[in-house]
Amino acid sequence: MSIDRLQMAIQKSGRLSDQSRGLLKSAGIKIQANKGQLTARATNFPLDLMLVRDDDIPTFVADGVCELGIVGENVLGEYALGRPEAGIEILARLGFGRCSLKIAAPQEEEFDLSNLEGSRIATSYPLLTKKWLADQGISAEIVTMRGAVELAPRLGIASYICDLVSTGQTLEANGLKPVQTVLESEAVLVRTGREIVPDHAAALDQLKTRIDGVIQTSESKYIVLNAPESALDDIGRILPGADAPTVIPLAGRQGHFAVQAVCQESVFWETLEELKGAGARDILVMPIEKMML
Ligand code: ATP
Ligand code: MG
């Protein structure tokens with residue numbers, strides 16, 4: 001670690017680590033390979049990484065040991081409720097590590113929200129769960145567990161659980177079903193609330209601009225299609241998140257045009273079907289490699 005370089009905390013190994021490194025790579029940052037080390041160094045950018053357990057990332061960022069961090073909103077949210085003065089700020093939502101914190105009930109139960117009243121709920125997220133319950137006007141007992149929360153109902157420790165779910169497979173395997181959503185979560189880029197020295201602030205701005213570019217690019221697509229003049233207005237309305245498209249006459253085909261546009265929102269099959277329905281033909285959707293707006 002060196003004080004003339006920006007410090008960023010990312011998960012050492014787990015669900016967020018590959019994509020956290022992938023994001024930095026897409027932002028053009030080369031990280032020196034390391035095996036079993038707690039830190040890693042960028043070779044072409046003034047950045048050091050601290051490779052830690054995800055639970056420790058908010059602490060490092062709050063205390064200013066690291067100016068930046070990549071962490072799930074679930075972990076950040078739980079930390080912030082326990083330490084509201086920490087002042088960690090979300091700089092960007094990163095679009096990976098998506099999951100939801102959900103209340104789950106036994107599969108055979110006919111669930112109603114009022115069932116939670118006076119019950120015991122096992123969770124690794126006691127503060128988020130407590131807050132959600134309070135918002136719903138429900139009082140229940142929280143049983144805090146570090147892991148294997150989904151076993152709690154079977155063991156008779158609690159009647160319900162509040163746990164992270166992505167596909168729901170783990171719940172199902174344990175005879176549970178999701179019944180309420182407490183929090184939708186994804187990985188976020190966070191910065192410390194502490195003051196950042198000017199040298200680091202410049203690097204931080206540069207890194208943030210590049211990361212914003214990567215996020216934009218991953219969602220954006222370049223669309224090319226052909227269409228008759230009569231369809232151009234409709235097509236302009238359908239193209240998701242596009243500024244005015246470029247419209248070029250097609251050689252030798254009177255009244256037909258090529259349309260090109262950068263779409264800054266996801267382009268789904270449904271969008272293509274809609275475009276075709278409006279009269280578009282030969283529709284191509286292409287990835288964009290880099291973008292700076
Ligand atoms: P660590 O050793 O770093 O403490 P961990 O076991 O607490 O790791 P992981 O299971 O690697 O954490 O998950 C890290 C983050 O990935 C979670 O906090 C959450 O934000 C996100 N995530 C995405 N999908 C899921 C899922 N299905 N279950 C749990 N976490 C998920
Ligand atoms: Mg953890």
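The values are calculated or read from the model by the stated rules, or taken from the named source; none is laboratory data. Model, not experiment: these values are computed from the prediction. Note that we place each Cβ from the backbone using ideal geometry, even for glycine, and neighbour counts take in every protein chain shown. Note: areas computed on protein heavy atoms with side chains; ligands, DNA, RNA excluded. Shrake-Rupley method; radii C 1.70, N 1.55, O 1.52, S 1.80 Å.
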- Query: Using Cα pairs under 8 angstrom and six or more residues apart, how large is the relative contact order of segment 121-192, in percent?
  - Reply: 32
- Find the accessible area per residue for the chain; the probe is 1.4 Å, ligands and nucleic acids are left out, and the unit is Å². 54
- Message: Between helix 17-26 and the chain, what is the angle of the helix's C-alpha long axis to the longest principal axis, kept within 0 to 90° and rounded to the nearest 10?
- Response: 30
- Got a sec? What order do W269, W132 fall in by accessible area at 1.4 Å, biggest, i.e. largest, first? W269, W132
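Give me the percent of the accessible area of segment 209-259 that comes from carbon and sulfur atoms, probe 1.4 Å, all protein chains in place.
Values: 1400 of 2780 Å².
Whole-percent figure for carbon plus sulfur exposure: 50.
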- Label-point gap, in nm, between E85 and E184 - each point 7 angstrom along Cα→Cβ: 3.4
- Item | Calculated from backbone phi, Karplus (6.51, -1.76, 1.60) coupling profile of segment 78-93 in Hz, x at Gly/Pro | 5, 5, 5, 5, x, 9, x, 7, 4, x, 5, 10, 7, 9, 7, 8
- Dipole-positive endmost among S220, A201, V149 within segment 113-270 (Cβ charges, Cα centre): V149
- Between their Cα atoms, which of K177/K290; K25/K177; K130/K177; K12/K131; K12/K102; K102/K276 are more than 31 Å away from each other? K177/K290; K25/K177; K102/K276
- Provide the FRET efficiency to the nearest 0.05 for the E110-D243 pair, computing r from the beta carbons and using R0 = 51 Å. 0.50
- Item | Partner aspartates and glutamates for K30 [C-alpha distance under 12 Å; skip if fewer than 8 residues away on the same chain] | D48
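In the P(r) worked out for segment 158-264, what percent of Cα pairs fall beyond 18 Å?
Details: 4042 of 5671 pairs.
For segment 158-264, the fraction of Cα-Cα distances above 18 Å is 71 percent.
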- Farthest towards the positive end of the dipole of segment 1-156, among V75, G118, L91 and with Cβ unit charges of +1 on Lys and Arg and -1 on Asp and Glu, lies the Cα of L91
- Unit charges on C-beta of K, R, D, E only; dipole of the chain, Debye: 1020
- How would R191, R5, R98, R281 rank on accessible area, largest to smallest, probe 1.4 Å? R98, R281, R191, R5
- Message: If you average the alpha carbon positions of segment 122-190 and of segment 44-117, how far apart do those two centres end up, in angstrom?
- Response: 14
- Item | Under-5 Å amide H pairs with A242, H placed in peptide plane, nonlocal only | Q264
- Task: Using the Karplus curve 6.51 cos²θ - 1.76 cosθ + 1.60 with θ = phi - 60°, work out ³J(HN,Hα) for each residue of segment 101-116 in order, rounded to whole Hz, and write x for Gly and Pro.
- Result: 8, 10, 7, 10, 10, x, 3, 7, 6, 7, 7, 9, 3, 5, 4, 6
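Counting only protein heavy atoms and using a 1.4 Å probe, what share of the accessible area of segment 128-174 belongs to carbon plus sulfur, as a whole percent?
Numbers: 1260 of 2710 Å².
Within segment 128-174, the accessible surface is 46 percent carbon and sulfur.
If you roll a 1.4 angstrom probe over the protein chains with everything in place, what fraction of the accessible area of segment 16-111 belongs to carbon and sulfur, to the nearest %?
Details: 2210 of 4550 Å².
The nonpolar share, carbon plus sulfur, comes to 49 percent.
Just in segment 77-151: which GluC sites (Glu not before Pro) are loop by DSSP and have at most 10 other Cβ atoms within 10 Å? Each step should come with its number before you reach the end.
Numbers: sites: E78, E85, E89, E108, E109, E110, E117, E141, E150; in loops: E108, E109, E110, E117.
Of the GluC sites (Glu not before Pro), the ones in loops of segment 77-151 whose Cβ has at most 10 other Cβ atoms within 10 Å are E108, E110.
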- Task: Kindly write out, for segment 125-139 in residue order, the coupling ³J(HN,Hα) from the Karplus curve 6.51 cos²θ - 1.76 cosθ + 1.60 (θ = phi - 60°), rounded to whole Hz, with x marking Gly and Pro.
- Result: 10, x, 6, 4, 5, 4, 5, 4, 4, 4, 4, 8, x, 10, 10
- What do the square roots of 5 times the Cα gyration tensor eigenvalues come to for the chain, in whole Å, largest first, as semi-axes of the equivalent ellipsoid? 41, 31, 15
